[in-house]
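Just so it is clear, none of the values below were taken in a lab; they were calculated from the coordinates. Nothing here was measured: the structure is a model prediction, and the numbers come from that model. Reconstructed Cβ throughout: ideal geometry from the backbone, glycine too, with neighbour counts over all protein chains shown.
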Amino acid sequence: MVQHGLQSLLRYDREMAENIKRIIWKYAEKLKDRKIKIMNFCGTHEWTTVHFGLRSLMPPNVELVAGPGCPVCVTPSYFIEQAIKLSFEGIRVYTFGDAFKLPALKRVNGARSLEEAKALDGDVKIVYGFLDAITDAKKHGKPSVFLGIGFETTVPSYSLPFYKKVVPKNIGFISVLRLTPPAAEYAIEVAIERGLTPIQGIIAPGHVSTIIGARPWDVISKKYGIPAVVSGFEPVDVLLSIARILKMIIEGRVGVEIEYKRLVNWNGNKFALKTIDEVFHVDDAAWRGLGFIPNSGLEFNDGFKVYDAFEMYGIKRLSKEEWRYDLPAACRCADITLGLAVPTDCKLFKKACTPERPIGPCMVSLEGTCAVWARFGGGGLADEIARDIGLG
Ligand code: SF4
């Protein structure tokens, strides 16, 4: 797979990739006395980076680190535990396939994931989207809940059916909706607080920004003096975004640039944002392994609380005071999602913890850094291949 990906890049875009690599090295040379740490916020950018061996193309003073941009990885264990519990109480739980295997910290009735709950006769159904769950819930008419995991990219797929009033009353919604700019701020601040190499550039998620626009990333440059580039997901997009960040650093410019102009504008998708505002409001929210991040989640507005699964089934809300560290012992996901460690720093990586039998949440989704490294050879194989074919 890795080889195939790299060969595709070279076959179709070799000249462009080599040109951009040359530009990156030229810029890095001008910054040679500095270590430049750039965070690719999004799990899909990490996928591109690993799959195409982009780290091997970087000059020695440019470090690419992964960020918290994987919704499955940051879903607190508490929400999974509640969903498992409901599935054993005669309530149908709808989930996406990647959250199906997501391990909770504690077992509930013998199950540590929705997959295990289903094997033990819990009522769990995998769906491709919220509309599928709505169709199914209308047919069977029994109590059900949807495990609503996602970032701004997927929020409109939830807010629109509520806005259009097509959601039946027998389906509740567990909101694990999270917002990305506050998490980027959190990652920047943690590195500063711990006295580590600061993050000096953010590759901001293109798909999220198709909804929210590029403007919300302003906070990164205004508050922290760090450039951000909203990037597409092809390898050339990521390389171009890195080059643009380095250029901005050299020129002493901070601001936000859009590399992904073919889909992203400054103000986002007005109608999608209108449906989100109508249905949800921003609140502080828990991120797995990290705790509560201010203004980083979405909760139902009063007019839609009738769909809130926690209200519907009398489930206690997770509070800041009661939140407890929720990663398994030895799992380094918290550090990995903040760009402070890489999967190979975890002693369980590809030993006890594998994509087939994940222990921690970063090994589950294809956007999880551990899953990406385990499947596509991050930190080793992809880089070796890039060197073998003359690009590294
Ligand atoms: Fe957590 Fe597994 Fe990754 Fe280790 S390898 S950090 S246990 S997900």
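Tabulated data for the structure shown
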read-out	value
Packing rank of 98-109, 363-374, where each peptide gets the mean count of other beta carbons within 10 Å, highest leading	363-374, 98-109
Relative compactness, the range 265-352, computed as alpha-carbon Rg over 2.2 N^0.38 Å	1.46
Theoretical ellipticity at 222 nm over the chain - DSSP helices of four or more residues, -39500 (n - 2.57) apiece, nearest 500	-12000 deg cm²/dmol
The range 96-152: C-alpha gyration tensor shape, a/c 1.5 cut-off, then a/b vs b/c	oblate
Eligible aspartates and glutamates near K164 by straight Cα distance, threshold 12 Å, same-chain separation 8 or greater	E278
The range 236-392, relative contact order in percent, only Cα pairs under 8 angstrom and at least six apart counted	11
Cβ-based exposure ranking for R112, R288, R14, R262, in which fewest neighbours within 10 Å come first	R262, R14, R112, R288
Entries in K222/K261; K26/K350; K37/K106; K118/K350; K35/K222 that, when Cα-Cα distance is taken, lie over 28 Å	K26/K350; K37/K106
Volume per residue that the Cα convex hull of the range 26-159 spans, once the total is divided by residue count, Å³	137
Residues T48, T275, T135, sorted so that the one with the fewest Cβ neighbours within 10 Å comes first	T135, T275, T48
Spherically averaged projected area in nm², based on the convex hull that wraps the Cα atoms of the range 198-305	8.2
By average C-beta atoms within 10 angstrom, highest first, the peptides 232-245, 215-228, 321-334, 166-179	232-245, 166-179, 215-228, 321-334
Shape parameters for the chain, alpha-carbon atoms, Rg then Dmax in Å	21.0, 65
Sequence-distant residues sharing a close amide H with G201 (under 5 Å, placed H)	M39
Convex hull projection area averaged over all views, the range 80-176, Cα basis, nm²	5.7
Cα gyration tensor of the range 234-392 - equivalent ellipsoid semi-axes, whole Å, descending	34, 27, 15
Isolated Cys in the chain, by beta carbon distance under 4.7 Å	C42, C331, C346, C353
